[in-house]
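Please read the structure below before turning to the comments.
The values are calculated or read from the model by the stated rules, or taken from the named source; none is laboratory data. Nothing here was measured: the structure is a model prediction, and the numbers come from that model. For neighbour counting, all protein chains shown are included, and Cβ atoms are generated from backbone atoms with ideal geometry for every residue, glycine included. Note: accessible area is taken over every heavy atom of the protein model, side chains too, but ligands, DNA and RNA are not part of it. Shrake-Rupley method; radii C 1.70, N 1.55, O 1.52, S 1.80 Å.
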Amino acid sequence: MKYIFTLIIILSLTSCSAQIFTGTLDKWEQKKAEVVTGLMKPKVIGTIDENGNFNISLPENYLEAKQKKIEEENSNSENWNSSLLTVKQVFNCYGDSLQVTNGDQYLTTLGTMSVFDLVNMKEKKKYGFFLAASSKTFAEAYASFGQKNAKQGFVVDYYYVSEPAMVKGTCLTVKYTGNNDENFEKKTDYNLNFKKGWNIVKYKIEEVYKSSSGKTYAKNISYSTCPEFPKNIVFTYFKD
């Protein structure tokens, strides 16, 4: 069973070369734990103390270190290999509707699909996860990954690139609801201006489509870079 707690995020970015993403989890009931990202082999990127205060570092060499780690893991694995994706692989559209600059370079994110897991690595125990969104309602829908009705709102995450890059344009696709031949046009707007290093990216659902069954889907969405962390972000913690 999952329990959900929310609060307003506190974000701190130091002026040093190594930036820090910090905040406090409400009603944290565990002792010290680690903040991790990744799927196959989670990587520790931060810590959380017994009072719920978390610290996640944003090192300048994050992408290079991650790529080196992936190469080491691939060389020691016979069953599977992983790799980083490029800017144009992450943000793409059929046809030539997008304008992409420096799209062949690798890109990586701090969270895993904007989710940060909380674990005890020594005991191999997961306590839950958190994400930063515009509302608790949106966070619940987003964290269901399509199982619940889509809601208007947004989520934010950190993206890292080695060189400046840009993605601009609009992508139109046809989406089917699964109710016979019912479909709708989905629009995705891209307004991404990546600077070298860490960037704050907002994924926003602007409008939803309500199907004949009553289920709602993301209809108009957008990806955009933010000059600073959005104000009044709701920080939502999902307890396993």
What is the magnitude of the charge dipole of region 123-173 about its Cα centre, with +1 placed on the Cβ of each Lys and Arg, -1 on the Cβ of each Asp and Glu, and no other charges, expressed in debye to the nearest 20?
240
Pair residue 22, residue 185: separation of 7 Å Cα→Cβ label points (nm)
4.9
Whole-number Å³ per residue for the convex hull built on Cα positions in region 160-232:
102
Contact order normalised by residue count of the chain, Cα under 8 Å, 6+ apart, percent:
21
Calculate how large, on average over all directions, the projected area of the Cα convex hull of region 15-146 is; give the answer in nm² to one decimal.
11.4
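Counting other C-beta atoms within 10 Å, and keeping those with at most 14, which DSSP coil chymotrypsin sites (Phe, Trp or Tyr not before Pro) do you find in region 61-161? Kindly include the intermediate steps, with their values, before the conclusion.
Details: sites: 62, 80, 91, 94, 106, 116, 127, 129, 130, 138, 142, 145, 154, 158, 159, 160; in loops: 80, 91, 94, 145.
Those that pass, being in a loop and sparsely packed, are 80, 94, 145.
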At 1.4 Å probe radius, can you tell me the per residue accessible area of the chain in Å²?
56
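If the convex hull of the alpha-carbon atoms of the chain is projected onto planes in all directions, what is the mean projected area in square nanometres?
Average of the hull's projected areas for the chain equals 14.8 nm².
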Loop only per DSSP, at most 10 neighbouring Cβ atoms within 10 Å: give me the GluC sites (Glu not before Pro) in region 34-119, ordered by residue number.
78
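Carbon and sulfur atoms: what percent of the 1.4 Å accessible area of region 104-176 do they account for?
51
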For region 22-70, the percent of all C-alpha pairs falling in each 10 Å bin, from 0 up to the bin holding the max distance, is 24, 45, 25, 6
Would you mind checking 32/239; 43/136; 69/186; 125/215; 66/136; 136/204 for any pair whose Cα atoms are more than 25 angstrom apart?
43/136; 69/186; 125/215; 66/136
